[in-house]
Ligand code: MN
């Protein structure tokens, strides 16, 4: 039973140089990401086996393995699509407006992402996420791949802060990697995801003051920039 597969990179290993070295991309995608795909499939198999045998003695470890590996697979698959050799710059349109609305300005958002990645304790990710409850953006700081997640939120842009993402190229100077990646962010991809999540809902009533009306109001506001 294989639920999950390793997606091909949408560009060559060397396409993101000099910001991300080809060797880093190759190891990161072919070895590290593959481990999470295999781990997620294995966890599914072992859970099915546990159900068949009616033996749930190791259920906590299996649920942990599923959350860790499947989350690793989701985040890496997203990370590859968030990057592009033609990327960089700043997002315009509704995404650009929403970033300004929810973070003050693009510079503050960029700083928050970089600082969150930098202050990751152990392994983790900084992520731009959409909160469907209040229809706003947040920066989340995941531990490993799955902990400290904001429940119900949907990641739009993720920055890998695990050592395997930069060490072979930047060694201990991880901030250089967290800054370099801004030259290759695929804002077109992020904007597409942002448009998509506008339709998402948790079907939780009366739990946020602004909710839908806030997103609607921001859409009606005249465009501040292209
Ligand atoms: Mn990684």
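Return a whole-number percent for the relative contact order of the chain, with Cα pairs under 8 Å and 6 or more residues apart as the contact set.
Details: 316 pairs, mean separation 53.7, N = 226.
In percent, rounded to a whole number, it is 24.
Report the Cα centroid-to-centroid distance between region 95-132 and region 41-56 in angstrom, as an integer. Centre-to-centre (Cα) distance: 38 Å.
Just to be sure I follow: if Rg is taken over the C-alpha atoms of the chain and Rh is the Kirkwood radius over the same atoms, what is Rg/Rh? Show your work: numbers first, answer last.
Values: Rg = 18.7 Å, Rh = 18.8 Å.
Over the Cα atoms of the chain, Rg/Rh equals 0.99.
For region 156-197, the residues whose amide N sits under 20 Å from a probe point set 7 Å from the Cα of residue 23 along the beta carbon direction are 162-178, 180-181. Spin-label pair residue 151-residue 46: with each label point 7 Å from Cα along the Cα-Cβ axis, the two points sit 2.5 nm from one another.
Here, each number is a calculation from the coordinates, and none is a lab measurement. Computed from a prediction, not measured in an experiment: that's the story for all the values here. No Cβ is skipped: glycine too gets one built from the backbone with ideal geometry, and neighbour counts run over all protein chains shown.
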